[in-house]
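Worksheet for the structure shown next.
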Amino acid sequence: MGGKLESGESALTLLDYPNRFPLKVFGKQSDDFEGIVLALIKARCPQAEHIDVRRRSSKGGKYLALTLTFTVYSQKQLEEIYQDLYDCEQVVMSL
């Protein structure tokens, strides 16, 4: 890992690439939520490597939290994935 962040710098610059990255994505519980999120990530990860997925439903069952761990090869790739998730109507939040 790198050093300290400069003003206005993204924390993503501190990562060494390639890197196995855990991404958390939250959305409303539905039959296709996981498939939609996986498709968005795979579109930016043409390396076709395995994506580990852990699922957790909210207490009331209204929301689904996914933790997807995959290899990211550049800061640009990761920023594009975050943007795709931000633009997706089914995604409530990603970390």
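Values in this text are rule-based calculations from the coordinates and carry no lab data. Note that the structure is a prediction, hence the values are computed from the model and not measured. Neighbour counts are summed over all protein chains in view; Cβ atoms, including those assigned to glycine, are modelled from backbone coordinates with ideal geometry.
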Note on the range 17-94: contact order normalised by length, alpha-carbon pairs under 8 Å, 6 or more apart, percent, works out to 47
Here the range 20-37 yields Karplus 3J(HN,Hα) values (6.51, -1.76, 1.60; θ = phi - 60°; whole Hz; Gly and Pro given as x) of 6, 10, x, 10, 9, 10, 10, x, 5, 4, 7, 5, 10, 4, 4, x, 5, 5
The range 39-79 scanned against label point 7 Å out from Ser30 along Cα→C-beta; backbone N under 16 Å for 39-41, 62-66
Taking a straight Cα-to-Cα line shorter than 25 Å from Lys42, and setting aside same-chain lysines fewer than 8 residues away, one finds Lys24, Lys28, Lys76
